[in-house]
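All remarks here apply to the structure that follows.
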Amino acid sequence: MSVVKSKIGIMGGTFDPIHIGHLVTAEAVRIEYLLDKVIFIPAANPPHKQDQQVTPAMHRYIMTVMATNSNPYFFVSDIELERPGLSYTVDTVTRLIGRFGAQTDFYCITGADAIQELPTWEKVHELLELCHFIAATRPGCNSTLDDVITHFGLQGRKRIHRLATPELEISSTDIRDRVKNGLSIKYIVPESVETYILKEGLYR
Ligand code: ATP
Ligand code: MG
């Protein structure tokens, strides 16, 4: 008897703050790949952001919960927050496989900019054996997507999938700058996140 595997999307990020670009991308991948759920995983200590100041994880976690709450397929995990040291995706996926068992296929959802960095990720070949990568198009970052797939040869063609998603020119960096300069962030973050940022005085 064949067992139907479940499919889980993993949306990792700094989410400083989470915005509509993250949400639209995750939902597009969920629908296209028929995912049972998408787990948003805020990074405690992102390896590629060691040289910049990141908002305390608790705030980023709370905003991620608020932003995803209304979608019945979206969940948030604190798996990287409870682990000290740098947050490597390979460790996170290994732990999730331990938790959900071998009857689950994992799909890491990333923007085209993040996928370009993939060759530098910790134990990347091991990681590509553990999960698929869905590279969602992002304005200004799509031209070298195929180069990354080629870089990994057969493993790349098998495991990295390009998906055209609605391209929203939104970034957390821009949102932080807008708040700092007193500009509106309405409609580029969920209303609950906007309220939280203003109330807690983040990014001023
Ligand atoms: P920052 O400007 O601080 O780097 P960001 O907007 O890039 O923030 P991250 O938390 O760094 O957000 O990104 C988490 C993941 O979401 C990454 O895989 C990134 O490529 C993807 N992502 C972020 N914004 C978008 C967007 N507008 N469209 C598609 N993917 C996105
Ligand atoms: Mg980023």
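The values are calculated or read from the model by the stated rules, or taken from the named source; none is laboratory data. As the structure is a computational prediction, the values presented were derived from the model and not from experiment. We place every Cβ from the backbone using ideal geometry, glycine too, and count neighbours over all the protein chains shown.
Here are a few things to note about the model shown:
- Residues satisfying the stated conditions in the range 21-48, i.e. more than 8 Å from ligand 1 (Cβ to nearest atom), in a helix (DSSP H, G or I) and under 21 Å from residue 167 (Cα atoms): 23, 26, 27, 28, 29, 30, 31, 32
- Selection of first residues in the range 56-78 that are aromatic (Phe, Trp, Tyr) and of second residues that are part of a loop (DSSP other than H, G, I, E, B), restricted to Cβ pairs under 9 Å at least 6 apart or on distinct chains, gives the following pairs, ordered by first then second residue: 61/15; 61/78; 61/81; 73/35; 73/36.
- Index of the failed condition, residue 34 passing every other in (1) within 14 Å of ligand 2 (Cβ to nearest atom); (2) farther than 30 Å from residue 177 by Cα; (3) among the hydrophobic types (A, V, I, L, M, F, W, C): (1)
- Considering 38, 93, the condition of being crowded, with 17+ Cβ neighbours inside 10 Å, at pLDDT 95 or above and touching a Cys at 6+ places or on another chain (Cβ under 7 Å) is satisfied by 93 alone.
- Counting only residues that are within 16 Å of ligand 2 (Cβ to nearest atom), in a strand (DSSP E or B) and charged (D, E, K, R), the range 124-163 holds 0 of them.
- Residues that are within 16 Å of ligand 2 (Cβ to nearest atom) and either touching a Lys or Arg at 6+ places or on another chain (Cβ under 9 Å) or farther than 17 Å from residue 38 by Cα (or both) within the range 91-109 comprise just one, 109.
- The set of residues from the range 12-24 being in contact with a Leu (Cβ under 8 Å, 6 or more places away or on another chain) and closer than 20 Å to residue 118 by Cβ comprises just one member, 21.
- Residue 93 β-branched (Val, Ile, Thr), assigned to a helix (DSSP H, G or I), on the phi < 0 side of the Ramachandran plot and free of Cβ contacts under 8 Å to residues at least 60 places away in the same chain: no
- The C-beta contact set for the range 13-27 (first residue over 15 Å from residue 108 (Cα atoms) and within 10 Å of ligand 2 (Cβ to nearest atom), second residue among the basic types (Lys, Arg) and modelled with pLDDT of 95 or more, distance under 9 angstrom, 6+ apart or interchain) comprises 15/60; 16/60; 16/176.
- Residues located in the range 127-186, provided they are hydroxyl-bearing (Ser, Thr, Tyr) and more than 10 Å from ligand 1 (Cβ to nearest atom): 143, 144, 150, 184
- Annotation: of all residues in the range 138-149 being in contact with a Leu (Cβ under 9 Å, 6 or more places away or on another chain) and buried (at least 17 other Cβ atoms within 10 Å of the Cβ), the one that is nearest to residue 14 (Cα to Cα) is 138.
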